[in-house]
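First comes the structure, then the notes that go with it.
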Amino acid sequence: MIPYALARATSVDDAVRLAGDGGRYIAGGTTLFDLMREEVEKPQSLVDINSLPLDYIRKEKDELVIGGLVRMADMAANPDVKRYQPLLSESLIEGASPQLRNMASIGGNLLQRVRCPYFRMRDVGCNKRQPGSGCAAQEGLNAGHAILGVSEHCAATHPSDVAVALIAMDATLHVQGPTGRRSFPVEELFRLPGTTPHLEHTLTPGELIVEVRVPLGPHAQRARYLKVRDRASYEFALVAAATALHIEGGVVKDARLACGGVGTRPWRMREVEKLLVGERPSRALFEKAGEAATAGAKALHHNGYKIPLLARTVARAFEMAHEVAA
């Protein structure tokens, strides 16, 4: 492991000051330390933020407020989360083993690096790890790679499950950095790879995730997260779908859909949502939505199976949401 300096922050302002232009924040360390051991990540300084008072969950009027240091396990088990946003709880439980959920923070989960095997292989090309070195996945083993948002420079999927659910629920991220505080939709945190896949998110140097705010609403009560993977426990998604429905008078008033495992970032599908609004729920309608979800999909050599699997997963996830007793 490359040597690094370590400082412990006592407040958010202190953390931002200590991070400066190049410091990295460390909480659970469930991804960063692994990558440092493999010398994929080589930060010169780390700022321990575990003492900061950012481990709260509270309901404020029409939204849930979740501190950036809340552990995945605590958020999944929180009574307010389970009552008002059960989709978030379900996605967290599906997202990792109990050991990882006990350690990993929500902010860290959103910022975790990709799980493309070539990203960790320092003897092959990876534009995320070393810009301009090429993308070995394009002609290599790519069965688990993205079919949406792919460029010739990168086809890696974003691994977070809860990010998919938060985007479906229109969550907002609040961050603080050297120039002050700002907020924006969680969806805007993630970049498409384009020609610069090493730029994965929109945070500026030194910005710290302070909290996530999740609006409440009737759609949140009829919501499900469906994750399809190679094995039944604690594996990254091949395809995942976060769905929610608000049904009134037998008609869909609001629909939400975001998918994971298929995009280079968590993928919100608003055009598919529009197909459901104003319609009566039915298997045929959900199958139509599933087919529409594959629009624009582009397969590599080994991941073409994800296109029909995405259609079936979306259809079934909407059926599951419809079956929830709201």
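The values are calculated or read from the model by the stated rules, or taken from the named source; none is laboratory data. Computed from a prediction, not measured in an experiment: that's the story for all the values here. Methodologically, a virtual Cβ is constructed for each residue, glycine included, from the backbone with ideal geometry; neighbour enumeration extends over all protein chains shown.
When the residues of region 5-34 are filtered to those that are in a strand (DSSP E or B) and either in contact with a Gly (Cβ under 9 Å, 6 or more places away or on another chain) or on the phi > 0 side of the Ramachandran plot (or both), which remaining residue is surrounded by the most Cβ atoms within 10 Å (Cβ to Cβ)? Among those that are in a strand (DSSP E or B) and either in contact with a Gly (Cβ under 9 Å, 6 or more places away or on another chain) or on the phi > 0 side of the Ramachandran plot (or both), it is 25.
Quickly run through region 149-204 and pick out the residues that are out of contact with any strand residue (DSSP E or B) (no Cβ under 9 Å at 6 or more places or on another chain), without any contact (Cβ under 8 Å) to a residue 60 or more places away in the chain and over 23 Å from residue 134 (Cα atoms). Those that are out of contact with any strand residue (DSSP E or B) (no Cβ under 9 Å at 6 or more places or on another chain), without any contact (Cβ under 8 Å) to a residue 60 or more places away in the chain and over 23 Å from residue 134 (Cα atoms): 179, 180. Consider residue 105 carefully, then state whether it is in contact with a Phe, Trp or Tyr (Cβ under 8 Å, 6 or more places away or on another chain), of a type in the set (Gly, Ala, Ser) and within 26 Å of residue 197 (Cβ to Cβ). Considered against the rule, which asks whether it is in contact with a Phe, Trp or Tyr (Cβ under 8 Å, 6 or more places away or on another chain), of a type in the set (Gly, Ala, Ser) and within 26 Å of residue 197 (Cβ to Cβ), residue 105 comes out as no. Taking each residue of region 45-74 that is among the polar types (S, T, N, Q) and looking for partners that are modelled with pLDDT under 95 and part of a strand (DSSP E or B) with beta-carbon atoms closer than 6 Å, six or more apart or interchain, yields 45/5. Scanning region 237-273 for residues that are surrounded by fewer than 19 Cβ atoms within 10 Å (Cβ to Cβ) and either in contact with a Gly (Cβ under 7 Å, 6 or more places away or on another chain) or among the acidic types (Asp, Glu) (or both), we see that the one that is farthest from residue 288 (Cα to Cα) is 248.
All of (1) of a type outside the set (Ser, Thr, Tyr); (2) assigned to a helix (DSSP H, G or I); (3) in contact with a His (Cβ under 7 Å, 6 or more places away or on another chain) hold for residue 108 with one exception: (3). Per the listing 57, 106, 66, 2, the residue uniquely surrounded by fewer than 19 Cβ atoms within 10 Å (Cβ to Cβ), within 19 Å of residue 172 (Cβ to Cβ) and aliphatic (A, V, I, L, M) is 57.
Filtering region 295-326 to residues that are in contact with a helix residue (DSSP H, G or I) (Cβ under 6 Å, 6 or more places away or on another chain), surrounded by 18 or more Cβ atoms within 10 Å (Cβ to Cβ) and touching a residue at least 40 places away in the same chain (Cβ under 8 Å) leaves 297, 314, 318. Residues in region 131-141 that are out of contact with any helix residue (DSSP H, G or I) (no Cβ under 9 Å at 6 or more places or on another chain) and touching a residue at least 60 places away in the same chain (Cβ under 8 Å): 131, 138, 139. Of all residues in region 62-70, none are part of a helix (DSSP H, G or I) and within 24 Å of residue 51 (Cα to Cα).
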